[in-house]
Amino acid sequence: MSLQPICFYYGAGRLDELCRYRRAVLQPDFFTPDELRQLTHHGVQPIGYMSLSEDHGPPAPWQRDDRNPDWGGALVRVGHSGWVQHTVRQAKDALSKGFAGLFLDTLNIEFTHPEDLPDLVVLIAAIREEAKGAYLLANRGFALLPRLADFVDGILFESFSVRWVNDGYAPWPADALEVHAQMAERLLNSDLDLYALDYAESAALADFARRRARQFGLLSFVGDRTLSRI
């Protein structure tokens, strides 16, 4: 049986369903080393989630006063030595637990603290050094290109075709879809694995997202906003 390319699942368990995928992006705290070994045995590469610019932990000296309005995490000073040590240690712990790679999230700091972009590149480079040959997948991070491509194996285009709206999910407006298309075409010139993650609650919207991702050469996964279904 051929495996589907990738899934994003932020719940626990459901190993049988996860075994349908070549790669599975998971929350590190929700899976035991034994479960990760089971996935690996079935040909799945478990990829551990990491946030590089937001902290959901207790108060710490690297945290800023502002927070992510959607998920509540504290924004951080990316270049703070304590945050760098904390994040690299998280990467080491996830890989030693049995994850085959890492998913680098919250890279779009050009919209919040663009002055930290150089520090974010340095942090990603430090994670690459710790990860050695493990698979690194970046979520967007387009403001970090072309340097980002030197350190990661793949790029995810989250919300490529569909966005969250107040009453559910909807396609992006035409002008945003065109901008996303231009970025996808730019990414196709790289040697990286390219993925799209979209969100939908109807079969028609999910089909739209999958067809559009395929049109632009992106391997697609469609989930719900909290990534609680497979």
*Has the stretch 139-150 got any residue that is among the basic types (Lys, Arg), crowded, with 17+ Cβ neighbours inside 10 Å and closer than 17 Å to Leu107 by Cβ?*
yes
*Please name all residue pairs, on different chains or six or more residues apart, with Cβ atoms under 6 Å, provided the first residue is in the stretch 217-230 and is among the β-branched types (Val, Ile, Thr) and the second residue is not in a loop (DSSP other than H, G, I, E, B).*
Val222/Asp198; Val222/Ala206; Val222/Ala209; Ile230/Cys7; Ile230/Glu17
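Each row is one residue, and each column tells you yes or no for (1) closer than 30 Å to Lys92 by Cβ; (2) out of contact with any Asp or Glu (no Cβ under 9 Å at 6 or more places or on another chain); (3) touching a residue at least 24 places away in the same chain (Cβ under 8 Å); (4) aromatic (Phe, Trp, Tyr).
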| position | (1), (2), (3), (4) |
| --- | --- |
| Glu130 | yes, yes, yes, no |
| Phe142 | yes, no, yes, yes |
| Ala149 | yes, no, yes, no |
| His180 | no, yes, no, no |
*Single unsatisfied condition, Asn189 versus (1) farther than 19 Å from Tyr10 by Cβ; (2) at pLDDT below 95; (3) buried (at least 18 other Cβ atoms within 10 Å of the Cβ)*: (3)
*Give just the number: which of (1) outside any strand (DSSP E or B); (2) surrounded by fewer than 18 Cβ atoms within 10 Å (Cβ to Cβ); (3) touching a helix residue (DSSP H, G or I) at 6+ places or on another chain (Cβ under 9 Å); (4) not aromatic (Phe, Trp, Tyr) does Arg225 not satisfy?*
(3)
*Scope the stretch 92-116; condition within 22 Å of Phe142 (Cβ to Cβ) and surrounded by 19 or more Cβ atoms within 10 Å (Cβ to Cβ); matching residues*: Gly101, Leu102, Phe103, Leu104, Asp105, Thr106, Leu107, Ile109, Asp116
*Just checking, which of Tyr135, Tyr169 is under 23 Å from Cys7 (Cβ atoms), at pLDDT below 95 and either within 16 Å of the chain's Cα centre (by Cα) or buried (at least 19 other Cβ atoms within 10 Å of the Cβ) (or both)?*
Tyr169
*Taking Asp29 as meeting all but one of (1) free of Cβ contacts under 8 Å to residues at least 60 places away in the same chain; (2) surrounded by fewer than 15 Cβ atoms within 10 Å (Cβ to Cβ); (3) touching a strand residue (DSSP E or B) at 6+ places or on another chain (Cβ under 6 Å); (4) under 24 Å from Tyr135 (Cβ atoms), write down the number of the exception.*
(3)
*asked:* So for the stretch 192-209 (the condition being within 17 Å of the chain's Cα centre (by Cα), hydrophobic (A, V, I, L, M, F, W, C) and outside any strand (DSSP E or B)), does at least one residue qualify?
replied: yes
*Restricting attention to the stretch 14-63, which residues are part of a loop (DSSP other than H, G, I, E, B) and in contact with a helix residue (DSSP H, G or I) (Cβ under 9 Å, 6 or more places away or on another chain)?*
Cys19, Phe31, Thr32, His42, Val44, Leu52, Ser53, Gly57, Ala60, Pro61, Trp62
*Looking at the stretch 107-129, which of the residues that are within 14 Å of Asp66 (Cβ to Cβ) and in a loop (DSSP other than H, G, I, E, B) is modelled with the highest pLDDT?*
His113
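The values are calculated or read from the model by the stated rules, or taken from the named source; none is laboratory data. Everything quoted here is computed from the prediction, not taken from an experiment. So basically every Cβ, Gly included, is an ideal-geometry build from the backbone, and we count neighbours across all protein chains shown.
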